[in-house]
Structures are given as structure tokens and as C-alpha cells.
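Asker: So that we are looking at the same thing, I have put the structure below in C-alpha cells.
Since every read-out is calculated from the coordinates, none of them should be taken as a lab result. All values reported here derive from a predicted model rather than from experimental measurement. Here the Cβ positions follow ideal geometry from the backbone for every residue, glycine too, while neighbour counts run over all protein chains shown.
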Amino acid sequence: MKKNESGTDRIIRLVVGVILILLAFKTEPDKWTMVFYVAGVIAIITAATGFCALYKIFGVDTSKK
């Protein structure tokens, strides 16, 4: 799997992912809690791997060659 995210992109995704998971902890349990958890986990996974499937589908590549 080829990386398609830059370092800055990965840092932003990591920060947003952590914020979303913390937000999920702070909200009352409802449908939005699950949305925050899922979005946060996806953001953290893509930050860790450096690969975004949506970038692949749309032909976006922010990594430096």
C-alpha cells in the first residue's frame, strides 16, 4: 500500500481524530457519540498508515515524492 498523505496531513488527521474521540467521551450517549468514535478512529488509522482510500479514489496525493 503506497502512502498518499503528507506529514502535515497526517498530523492534522491525528489531532482531529483525538479531538473527535475526546468529544465522544464528553457527549451524552446517542447516535452522535458513535459517529464521533468512528470518524475519530478512521482519522487516527489513516494518520498512522499514511494511506487514505478516499484520496486514492479521487486521485489525490499530498505526499512528497
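Asker: Could you work out how far helix 7-26 tilts from the main Cα principal axis of the chain, as a 0 to 90 degree angle to the nearest 10?
Answerer: Helix 7-26 and the main axis of the chain meet at about 10 degrees.
Asker: Measure out, as a whole number of angstrom, how far apart the alpha-carbon centroids of segment 1-24 and segment 34-54 sit.
Answerer: For segment 1-24 versus segment 34-54, the Cα centre distance is 7 Å.
Asker: OK, next. Please report the net charge: other residues with Cβ closer than 14 Å to the Cβ of VAL15, K and R +1, D and E -1.
Answerer: 0
Asker: Here are labelled values, (1) 8.8; (2) 4.5; (3) 5.6, and one is the computed mean projected area of the Cα convex hull in nm² for what I pasted. Which one?
Answerer: Of the labelled values, this structure produces (2).
Asker: Starting from the 7 Å offset along Cα-to-Cβ, what nm value, one decimal, do you get for the label separation of VAL35 and THR8?
Answerer: 2.9 nm
Asker: Which ordering of LEU14, LEU20 is given by a fewest-first count of other beta-carbon atoms within 10 Å?
Answerer: Arranged by neighbour count, lowest to highest, LEU14, LEU20 become LEU14, LEU20.
Asker: Sticking with this one: How far, in degrees from 0 to 90, does helix 31-49 lean away from the longest principal axis of the Cα atoms of the chain, to the nearest 10?
Answerer: In the chain, helix 31-49 runs at an angle near 30 degrees to the longest axis.
Asker: For ALA48 and SER63, calculate 0.36 nm times their separation in residues minus their Cα-Cα distance, and state this gained length in nm to one decimal.
Answerer: The span from ALA48 to SER63 would gain 4.0 nm if fully extended.
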